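The numbers here are math on the coordinates, done by the rules we state, and not lab data. All values reported here derive from a predicted model rather than from experimental measurement.
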Amino acid sequence: MTARDATLALRKVAALRALCLRLPHLPTPAEQERLRQFETLVASPEAATDVDVDALVVGWRRWWLTGRIDLLLAMASRLPAALAERDLRLAGYLQAARMRNSAEERPPPPPTATHRA
C-alpha cells in the first residue's frame, strides 16, 4: 500500500465516521434492558455491585452524551467504594466528568494585554 492509497482510505474512513456521528443513537434491546436496570440503580446507587457495571456504563454514557455530568458525579459519590475505579469504562466517564466539572468551576483567565502598534 502506498502513501496515496493510505491517504485515500483514511479519508473514506473519516467521512464514514463523520456520517455516523450525525446519526441519532438508537438503543439495542440489550441496551434498553440495561437502561431499565440503571433507572433502578439511580434510586439506590449504594446497592450497586459488580453485576451492575454494564448497566452503569450504559446509563453514564447517556448522561455524558446529554451533558448531565452533575448527575453522574452525584451518583458516583453514592456508589460503593472503588466500584467505578475497578471498571475502566466507568473510571473513564468519572475522570472525564471530574475534569469537565473542575474546568467549568474555574473562573475564566483574565484578559491578556494586547500590544498595539
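Treating the chain as a set of equal point scatterers at the Cα positions, no solvent, please give the Debye-formula log₁₀ I(q)/I(0) at q = 0.12, 0.13, 0.19, 0.20 Å⁻¹. With one equal scatterer per Cα and no solvent, log10 I(q)/I(0) is -0.63, -0.69, -0.99, -1.05.
Helical runs assigned H by DSSP (4 residues or longer) give the chain a calculated mean residue ellipticity at 222 nm of -22000 deg cm²/dmol, each run adding -39500 (n - 2.57) before division by the residue total.
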